[in-house]
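Asks: Can you keep this structure in mind? I'll have questions shortly.
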Amino acid sequence: MSEKILITGGSGLVGTALSKAYKSTSEEITLVTSSHYDLTQQLDVNFMFANHKPTKVIHAAAKVGGLGSNMKYKGGYLYKNLMMNTNVIDQANVWGVKRLVAFLTTCAFPAEVEYPLDHTKIHLGEPHESNFGYAHAKRMAEVQIRAYREQYGVKYSCVIPTNIYGPNDNFSLEHGHVVPMLIHKLYKAQRDGTDFNVWGTGKPLREFIFAQDVAELTKWVLHNYDGEDPLILSTSDEISIEHLVDLLVKEFKFTGKVKFDRSKPDGQYRKPSDNSLIKSLVPAFKFTPIEEGIKQTVEWFKENYDKARR
Ligand code: NAP
Ligand code: GDP
(Lines give C-alpha, C1' and ligand atoms only; values in the text may rest on other atoms or scores of the structure.)
(Ligands and ions follow the chains in the order given, each with its own letter.)
Protein backbone atom coordinates (compact mmCIF):
# COMPACT_ATOMS: atom_id res chain seq x y z
CA MET A 1 0.00 0.00 0.00
CA SER A 2 1.33 3.40 -0.95
CA GLU A 3 1.96 5.72 1.98
CA LYS A 4 -0.26 8.77 2.42
CA ILE A 5 1.63 11.61 4.03
CA LEU A 6 -0.22 14.56 5.48
CA ILE A 7 1.74 17.76 6.12
CA THR A 8 0.16 20.45 8.27
CA GLY A 9 1.42 24.03 7.90
CA GLY A 10 1.78 23.43 4.17
CA SER A 11 1.87 27.14 3.25
CA GLY A 12 4.55 28.05 5.78
CA LEU A 13 8.32 28.37 5.72
CA VAL A 14 8.91 24.71 6.58
CA GLY A 15 5.78 23.40 4.81
CA THR A 16 6.82 24.82 1.43
CA ALA A 17 10.34 23.44 1.90
CA LEU A 18 8.80 20.04 2.72
CA SER A 19 6.73 20.22 -0.44
CA LYS A 20 10.01 20.67 -2.37
CA ALA A 21 11.65 17.83 -0.44
CA TYR A 22 8.82 15.48 -1.47
CA LYS A 23 8.62 16.73 -5.07
CA SER A 24 9.55 13.45 -6.74
CA THR A 25 8.08 10.71 -4.61
CA SER A 26 5.70 7.83 -5.16
CA GLU A 27 3.98 8.60 -1.87
CA GLU A 28 0.75 10.58 -1.86
CA ILE A 29 1.50 13.97 -0.29
CA THR A 30 -1.21 16.29 1.02
CA LEU A 31 -0.32 19.74 2.31
CA VAL A 32 -2.94 21.52 4.40
CA THR A 33 -3.18 25.09 5.65
CA SER A 34 -5.52 27.07 7.90
CA SER A 35 -7.76 27.74 4.89
CA HIS A 36 -8.51 23.99 4.77
CA TYR A 37 -8.79 23.22 8.48
CA ASP A 38 -8.46 25.29 11.64
CA LEU A 39 -6.36 22.92 13.72
CA THR A 40 -7.27 24.67 16.96
CA GLN A 41 -10.75 23.12 16.44
CA GLN A 42 -11.06 19.44 17.26
CA LEU A 43 -13.94 18.96 14.80
CA ASP A 44 -11.85 20.34 11.93
CA VAL A 45 -8.97 18.06 12.87
CA ASN A 46 -11.32 15.10 12.99
CA PHE A 47 -12.60 16.00 9.48
CA MET A 48 -9.04 16.36 8.26
CA PHE A 49 -8.13 12.80 9.29
CA ALA A 50 -11.46 11.44 8.05
CA ASN A 51 -10.96 13.12 4.64
CA HIS A 52 -7.32 12.23 4.04
CA LYS A 53 -6.77 9.06 6.08
CA PRO A 54 -2.99 9.56 6.21
CA THR A 55 -0.59 6.81 7.21
CA LYS A 56 2.10 9.32 8.24
CA VAL A 57 1.95 12.91 9.43
CA ILE A 58 4.38 15.81 9.61
CA HIS A 59 2.83 18.35 11.93
CA ALA A 60 4.51 21.64 11.03
CA ALA A 61 1.55 23.98 11.60
CA ALA A 62 1.83 26.40 14.47
CA LYS A 63 1.30 29.98 15.44
CA VAL A 64 4.85 31.20 14.85
CA GLY A 65 6.56 34.54 15.31
CA GLY A 66 9.67 36.41 16.32
CA LEU A 67 10.69 38.02 19.58
CA GLY A 68 8.41 41.09 19.42
CA SER A 69 5.31 39.11 18.51
CA ASN A 70 5.99 36.47 21.19
CA MET A 71 6.38 39.15 23.85
CA LYS A 72 3.12 40.83 22.87
CA TYR A 73 0.79 37.88 22.30
CA LYS A 74 1.79 35.31 24.92
CA GLY A 75 -1.76 34.09 25.57
CA GLY A 76 -2.46 33.53 21.88
CA TYR A 77 0.81 31.67 21.36
CA LEU A 78 0.06 29.40 24.30
CA TYR A 79 -3.58 28.71 23.47
CA LYS A 80 -3.34 28.21 19.72
CA ASN A 81 -0.28 26.01 19.84
CA LEU A 82 -1.58 23.93 22.73
CA MET A 83 -4.85 23.34 20.90
CA MET A 84 -3.27 22.55 17.53
CA ASN A 85 -0.74 20.11 18.97
CA THR A 86 -3.19 18.43 21.32
CA ASN A 87 -5.77 17.94 18.57
CA VAL A 88 -3.39 16.80 15.84
CA ILE A 89 -1.41 14.35 17.97
CA ASP A 90 -4.54 12.92 19.61
CA GLN A 91 -6.55 12.55 16.39
CA ALA A 92 -3.58 11.02 14.60
CA ASN A 93 -3.62 8.28 17.21
CA VAL A 94 -7.41 7.93 17.05
CA TRP A 95 -7.18 7.50 13.24
CA GLY A 96 -4.43 4.91 13.46
CA VAL A 97 -1.52 6.98 12.17
CA LYS A 98 1.60 5.02 13.06
CA ARG A 99 4.27 7.65 12.41
CA LEU A 100 4.20 11.36 13.11
CA VAL A 101 6.82 14.06 13.51
CA ALA A 102 5.97 17.20 15.48
CA PHE A 103 7.97 20.42 15.68
CA LEU A 104 9.36 21.80 18.90
CA THR A 105 11.85 24.67 19.02
CA THR A 106 14.98 25.52 20.97
CA CYS A 107 12.94 28.49 22.34
CA ALA A 108 11.20 25.87 24.51
CA PHE A 109 14.33 25.16 26.56
CA PRO A 110 14.93 26.68 29.99
CA ALA A 111 16.40 30.18 30.01
CA GLU A 112 18.94 29.12 32.60
CA VAL A 113 20.44 25.73 32.05
CA GLU A 114 23.89 24.35 31.40
CA TYR A 115 24.87 24.76 27.73
CA PRO A 116 24.81 23.29 25.18
CA LEU A 117 21.11 22.51 25.04
CA ASP A 118 20.31 18.87 24.44
CA HIS A 119 17.09 16.86 24.42
CA THR A 120 17.45 15.86 28.09
CA LYS A 121 17.15 19.49 29.26
CA ILE A 122 13.78 20.59 27.83
CA HIS A 123 11.96 20.63 31.16
CA LEU A 124 14.76 21.56 33.56
CA GLY A 125 13.58 25.10 34.35
CA GLU A 126 11.41 28.02 33.25
CA PRO A 127 11.70 29.11 29.62
CA HIS A 128 12.85 32.66 28.79
CA GLU A 129 10.18 35.17 29.85
CA SER A 130 10.02 36.67 26.33
CA ASN A 131 8.27 33.61 24.88
CA PHE A 132 7.03 31.49 27.75
CA GLY A 133 3.53 31.08 26.19
CA TYR A 134 4.89 29.53 22.99
CA ALA A 135 7.58 27.61 24.88
CA HIS A 136 5.18 25.90 27.29
CA ALA A 137 2.82 24.90 24.47
CA LYS A 138 5.75 23.35 22.58
CA ARG A 139 6.94 21.51 25.69
CA MET A 140 3.52 19.91 26.06
CA ALA A 141 3.77 18.42 22.56
CA GLU A 142 6.88 16.58 23.73
CA VAL A 143 5.04 15.39 26.86
CA GLN A 144 2.02 14.26 24.82
CA ILE A 145 4.17 12.34 22.37
CA ARG A 146 6.12 10.66 25.17
CA ALA A 147 2.87 9.67 26.90
CA TYR A 148 1.29 8.35 23.67
CA ARG A 149 4.40 6.37 22.79
CA GLU A 150 4.22 4.69 26.20
CA GLN A 151 0.48 4.09 26.29
CA TYR A 152 -0.29 3.38 22.62
CA GLY A 153 3.04 2.23 21.22
CA VAL A 154 2.96 4.78 18.39
CA LYS A 155 6.20 5.82 16.71
CA TYR A 156 5.74 9.54 17.06
CA SER A 157 8.76 11.80 17.48
CA CYS A 158 9.77 15.42 17.91
CA VAL A 159 12.29 17.52 16.06
CA ILE A 160 13.72 20.65 17.68
CA PRO A 161 15.04 23.16 15.15
CA THR A 162 16.92 26.32 16.04
CA ASN A 163 16.06 29.63 14.24
CA ILE A 164 14.84 28.67 10.76
CA TYR A 165 14.98 30.99 7.74
CA GLY A 166 14.52 30.74 3.99
CA PRO A 167 12.20 31.48 1.04
CA ASN A 168 8.48 31.73 1.94
CA ASP A 169 9.25 32.94 5.46
CA ASN A 170 6.97 35.40 7.20
CA PHE A 171 8.55 38.81 6.45
CA SER A 172 6.04 40.72 8.62
CA LEU A 173 7.49 43.77 10.36
CA GLU A 174 5.36 42.92 13.40
CA HIS A 175 5.47 39.13 13.64
CA GLY A 176 8.64 38.09 11.81
CA HIS A 177 11.75 36.40 13.14
CA VAL A 178 14.99 38.30 12.92
CA VAL A 179 16.18 37.12 9.47
CA PRO A 180 12.99 37.81 7.48
CA MET A 181 12.28 41.02 9.38
CA LEU A 182 15.77 42.40 8.77
CA ILE A 183 15.56 41.44 5.08
CA HIS A 184 12.28 43.33 4.77
CA LYS A 185 13.66 46.34 6.67
CA LEU A 186 16.78 46.41 4.48
CA TYR A 187 14.72 46.14 1.31
CA LYS A 188 12.71 49.18 2.38
CA ALA A 189 15.75 51.13 3.61
CA GLN A 190 17.49 50.60 0.27
CA ARG A 191 14.40 51.44 -1.73
CA ASP A 192 13.53 54.56 0.29
CA GLY A 193 17.07 55.76 1.07
CA THR A 194 16.48 55.53 4.84
CA ASP A 195 18.48 54.10 7.77
CA PHE A 196 18.50 50.36 8.50
CA ASN A 197 17.21 49.87 12.05
CA VAL A 198 18.22 46.77 13.97
CA TRP A 199 16.81 45.90 17.39
CA GLY A 200 18.94 45.67 20.50
CA THR A 201 22.70 45.60 20.90
CA GLY A 202 23.56 43.15 18.12
CA LYS A 203 25.41 41.02 20.69
CA PRO A 204 22.97 38.08 21.13
CA LEU A 205 23.93 34.83 19.47
CA ARG A 206 21.69 32.57 17.44
CA GLU A 207 22.03 29.36 15.42
CA PHE A 208 20.35 29.71 12.04
CA ILE A 209 19.28 26.75 9.92
CA PHE A 210 18.07 26.91 6.33
CA ALA A 211 14.45 25.75 5.90
CA GLN A 212 15.34 23.28 3.12
CA ASP A 213 17.83 21.57 5.49
CA VAL A 214 15.09 21.31 8.12
CA ALA A 215 12.76 19.79 5.53
CA GLU A 216 15.28 17.20 4.31
CA LEU A 217 16.17 16.16 7.85
CA THR A 218 12.52 16.01 8.94
CA LYS A 219 11.73 13.80 5.95
CA TRP A 220 14.56 11.51 7.00
CA VAL A 221 13.24 11.42 10.57
CA LEU A 222 9.69 10.56 9.47
CA HIS A 223 10.86 7.58 7.44
CA ASN A 224 13.80 6.29 9.46
CA TYR A 225 13.71 7.28 13.11
CA ASP A 226 11.98 5.17 15.76
CA GLY A 227 13.76 6.51 18.82
CA GLU A 228 12.08 8.29 21.70
CA ASP A 229 14.63 11.09 22.05
CA PRO A 230 13.65 14.40 20.45
CA LEU A 231 16.17 15.35 17.75
CA ILE A 232 17.75 18.78 17.74
CA LEU A 233 18.09 20.05 14.16
CA SER A 234 20.89 22.57 14.15
CA THR A 235 24.23 23.45 12.66
CA SER A 236 25.50 24.21 16.19
CA ASP A 237 27.22 27.29 14.69
CA GLU A 238 26.44 30.40 16.70
CA ILE A 239 26.57 33.77 15.03
CA SER A 240 25.89 37.19 16.52
CA ILE A 241 23.08 39.44 15.31
CA GLU A 242 25.86 41.90 14.34
CA HIS A 243 27.41 39.26 12.09
CA LEU A 244 24.02 38.48 10.56
CA VAL A 245 23.56 42.21 9.87
CA ASP A 246 26.95 42.30 8.13
CA LEU A 247 25.98 39.37 5.92
CA LEU A 248 22.69 41.00 4.96
CA VAL A 249 24.24 44.41 4.30
CA LYS A 250 26.79 42.72 2.05
CA GLU A 251 24.15 40.72 0.20
CA PHE A 252 22.05 43.85 -0.43
CA LYS A 253 25.16 45.97 -1.18
CA PHE A 254 23.55 48.47 1.22
CA THR A 255 25.56 51.67 1.64
CA GLY A 256 23.23 53.53 4.03
CA LYS A 257 23.47 53.87 7.80
CA VAL A 258 22.98 50.85 10.13
CA LYS A 259 21.50 51.79 13.52
CA PHE A 260 21.22 49.50 16.57
CA ASP A 261 18.17 50.53 18.60
CA ARG A 262 18.95 49.70 22.22
CA SER A 263 15.42 50.60 23.30
CA LYS A 264 14.33 47.37 21.59
CA PRO A 265 14.77 43.95 23.25
CA ASP A 266 17.73 41.63 22.89
CA GLY A 267 15.72 38.63 24.08
CA GLN A 268 17.61 35.58 25.25
CA TYR A 269 21.37 36.16 24.98
CA ARG A 270 22.16 32.76 23.49
CA LYS A 271 20.77 29.21 23.14
CA PRO A 272 23.62 27.07 21.81
CA SER A 273 22.53 23.54 20.98
CA ASP A 274 24.13 20.13 20.71
CA ASN A 275 23.46 18.59 17.28
CA SER A 276 25.46 15.40 17.89
CA LEU A 277 22.41 13.10 17.91
CA ILE A 278 21.15 14.05 14.43
CA LYS A 279 24.73 14.13 13.13
CA SER A 280 25.33 10.60 14.38
CA LEU A 281 22.14 9.43 12.63
CA VAL A 282 22.67 11.26 9.31
CA PRO A 283 26.46 11.70 9.18
CA ALA A 284 26.62 12.51 5.48
CA PHE A 285 24.20 15.44 5.74
CA LYS A 286 25.68 18.77 4.63
CA PHE A 287 24.13 21.92 6.06
CA THR A 288 23.64 24.88 3.72
CA PRO A 289 26.23 27.54 4.61
CA ILE A 290 24.59 30.68 6.02
CA GLU A 291 26.00 32.86 3.20
CA GLU A 292 24.32 30.64 0.59
CA GLY A 293 21.04 30.43 2.53
CA ILE A 294 20.91 34.21 2.99
CA LYS A 295 21.63 34.75 -0.70
CA GLN A 296 18.76 32.46 -1.74
CA THR A 297 16.38 34.04 0.80
CA VAL A 298 17.17 37.63 -0.20
CA GLU A 299 16.82 36.76 -3.89
CA TRP A 300 13.49 35.06 -3.21
CA PHE A 301 12.16 38.06 -1.28
CA LYS A 302 13.19 40.52 -4.00
CA GLU A 303 11.61 38.38 -6.71
CA ASN A 304 8.44 37.67 -4.74
CA TYR A 305 7.94 40.97 -2.95
CA ASP A 306 4.32 41.27 -4.09
CA LYS A 307 3.21 37.83 -2.94
CA ALA A 308 5.46 37.37 0.11
CA ARG A 309 3.90 37.32 3.57
CA ARG A 310 4.86 40.72 4.90
P1 NAP B 1 5.01 29.53 9.40
O2 NAP B 1 5.84 29.88 8.20
O3 NAP B 1 4.47 30.65 10.22
O4 NAP B 1 3.82 28.62 8.91
C5 NAP B 1 2.85 28.23 9.83
C6 NAP B 1 1.89 27.30 9.15
O7 NAP B 1 0.93 26.89 10.12
C8 NAP B 1 1.12 27.92 7.99
O9 NAP B 1 0.97 26.97 6.96
C10 NAP B 1 -0.23 28.24 8.61
O11 NAP B 1 -1.30 28.22 7.68
C12 NAP B 1 -0.37 27.09 9.58
N13 NAP B 1 -1.31 27.43 10.65
C14 NAP B 1 -1.23 28.43 11.55
N15 NAP B 1 -2.31 28.45 12.33
C16 NAP B 1 -3.10 27.43 11.92
C17 NAP B 1 -4.37 26.94 12.32
N18 NAP B 1 -5.05 27.50 13.34
N19 NAP B 1 -4.89 25.88 11.66
C20 NAP B 1 -4.23 25.32 10.61
N21 NAP B 1 -3.02 25.72 10.20
C22 NAP B 1 -2.47 26.78 10.84
O23 NAP B 1 5.83 28.59 10.40
P24 NAP B 1 7.18 27.79 10.13
O25 NAP B 1 8.29 28.76 10.39
O26 NAP B 1 7.09 27.07 8.84
O27 NAP B 1 7.20 26.77 11.34
C28 NAP B 1 7.00 25.36 11.15
C29 NAP B 1 7.19 24.67 12.47
O30 NAP B 1 8.55 24.84 12.92
C31 NAP B 1 6.30 25.22 13.59
O32 NAP B 1 5.84 24.18 14.39
C33 NAP B 1 7.24 26.10 14.39
O34 NAP B 1 6.84 26.22 15.73
C35 NAP B 1 8.55 25.35 14.24
N36 NAP B 1 9.76 26.17 14.38
C37 NAP B 1 9.92 27.29 13.62
C38 NAP B 1 11.08 28.05 13.75
C39 NAP B 1 11.32 29.29 12.92
O40 NAP B 1 12.35 29.95 13.14
N41 NAP B 1 10.47 29.63 11.98
C42 NAP B 1 12.08 27.64 14.64
C43 NAP B 1 11.89 26.46 15.39
C44 NAP B 1 10.72 25.73 15.24
P45 NAP B 1 -1.81 29.58 6.96
O46 NAP B 1 -0.72 30.00 6.03
O47 NAP B 1 -3.03 29.17 6.25
O48 NAP B 1 -2.04 30.55 8.08
P1 GDP C 1 14.24 34.57 19.14
O2 GDP C 1 15.41 33.81 18.60
O3 GDP C 1 13.13 33.67 19.60
O4 GDP C 1 14.63 35.57 20.18
O5 GDP C 1 13.53 35.36 17.95
P6 GDP C 1 14.00 36.20 16.70
O7 GDP C 1 14.26 35.32 15.54
O8 GDP C 1 12.96 37.26 16.53
O9 GDP C 1 15.42 36.86 17.06
C10 GDP C 1 15.50 37.85 18.02
C11 GDP C 1 16.92 38.41 18.11
O12 GDP C 1 17.21 39.21 16.96
C13 GDP C 1 17.03 39.35 19.32
O14 GDP C 1 18.34 39.36 19.81
C15 GDP C 1 16.69 40.70 18.70
O16 GDP C 1 17.20 41.80 19.44
C17 GDP C 1 17.40 40.58 17.35
N18 GDP C 1 16.82 41.46 16.33
C19 GDP C 1 17.47 42.51 15.76
N20 GDP C 1 16.67 43.15 14.91
C21 GDP C 1 15.49 42.48 14.89
C22 GDP C 1 14.28 42.69 14.18
O23 GDP C 1 14.11 43.60 13.38
N24 GDP C 1 13.29 41.77 14.40
C25 GDP C 1 13.44 40.72 15.26
N26 GDP C 1 12.42 39.86 15.41
N27 GDP C 1 14.57 40.53 15.99
C28 GDP C 1 15.58 41.40 15.79
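Asks: Does at least one position in the stretch 224-242 carry a residue that is at pLDDT below 95, within 16 Å of ligand 2 (Cβ to nearest atom) and closer than 20 Å to Gly166 by Cα?
Replies: yes
Asks: Here is a follow-up. Among the residues of the stretch 3-13, write down those that are at pLDDT 95 or above and open to solvent by 20 Å² or more (accessible area, probe 1.4 Å).
Replies: Hits for the stretch 3-13 are Lys4, Ser11, Leu13.
Asks: Kindly provide the set of residues from the stretch 61-101 that are in contact with a strand residue (DSSP E or B) (Cβ under 7 Å, 6 or more places away or on another chain) and away from ligand 2 (no atom under 16 Å from the Cβ), ordered by number.
Replies: Listed by number, the residues that qualify are Ala61, Asn85, Val88, Ile89, Ala92, Val97, Lys98, Arg99, Leu100, Val101.
Asks: Hey, another quick one. Being more than 24 Å from Ala111 (Cβ to Cβ) and buried (at least 18 other Cβ atoms within 10 Å of the Cβ) narrows it down to one residue among Leu248, Leu281; which is it?
Replies: Leu248
Asks: For residues in the stretch 120-136 being in a helix (DSSP H, G or I) and open to solvent by less than 50 Å² (accessible area, probe 1.4 Å), which is nearest to Ser273 (Cα to Cα)?
Replies: Lys121
Asks: Something else: For Ile290, only one of the following conditions fails: (1) open to solvent by less than 70 Å² (accessible area, probe 1.4 Å); (2) away from ligand 1 (no atom under 15 Å from the Cβ). What is its number?
Replies: (2)
Asks: Right, another one. Let me confirm something: among Lys121, Lys72, which residue is free of Cβ contacts under 8 Å to residues at least 12 places away in the same chain and within 30 Å of Pro204 (Cβ to Cβ)?
Replies: On inspection, the qualifying residue turns out to be Lys72.
Asks: Against the definition (modelled with pLDDT of 95 or more, open to solvent by 40 Å² or more (accessible area, probe 1.4 Å) and assigned to a helix (DSSP H, G or I)), how does Arg139 come out, yes or no?
Replies: no
Asks: Next question, about the same structure. Those residues that are modelled with pLDDT of 95 or more, small (Gly, Ala, Ser) and either open to solvent by less than 40 Å² (accessible area, probe 1.4 Å) or farther than 30 Å from Asn163 by Cβ (or both), I need them from the stretch 14-29; list them, please.
Replies: Those that are modelled with pLDDT of 95 or more, small (Gly, Ala, Ser) and either open to solvent by less than 40 Å² (accessible area, probe 1.4 Å) or farther than 30 Å from Asn163 by Cβ (or both): Gly15, Ala17, Ala21.
Here's the yes/no breakdown for (1) of a type in the set (S, T, N, Q); (2) buried (at least 21 other Cβ atoms within 10 Å of the Cβ); (3) within 16 Å of ligand 1 (Cβ to nearest atom):
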site	(1), (2), (3)
Phe208	no, yes, yes
Asp229	no, no, no
Thr235	yes, no, yes
His243	no, no, no
Lys257	no, no, no
Val298	no, no, no
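Asks: Could you tell me which residue of the stretch 172-184 is modelled with the highest pLDDT, considering only residues that are open to solvent by 40 Å² or more (accessible area, probe 1.4 Å) and more than 6 Å from ligand 2 (Cβ to nearest atom)?
Replies: Top of the filtered list is Leu173.
Asks: When the residues of the stretch 30-49 are filtered to those that are open to solvent by less than 30 Å² (accessible area, probe 1.4 Å) and in a helix (DSSP H, G or I), which remaining residue is farthest from ligand 1 (Cβ to nearest atom)?
Replies: Phe49
The values are calculated or read from the model by the stated rules, or taken from the named source; none is laboratory data. Just so you know, these numbers come straight off a predicted model, no measurement behind them. We place every Cβ from the backbone using ideal geometry, glycine too, and count neighbours over all the protein chains shown. These accessible areas exclude ligands, DNA and RNA; they are computed on the full protein's heavy atoms, side chains included. Shrake-Rupley method; radii C 1.70, N 1.55, O 1.52, S 1.80 Å.
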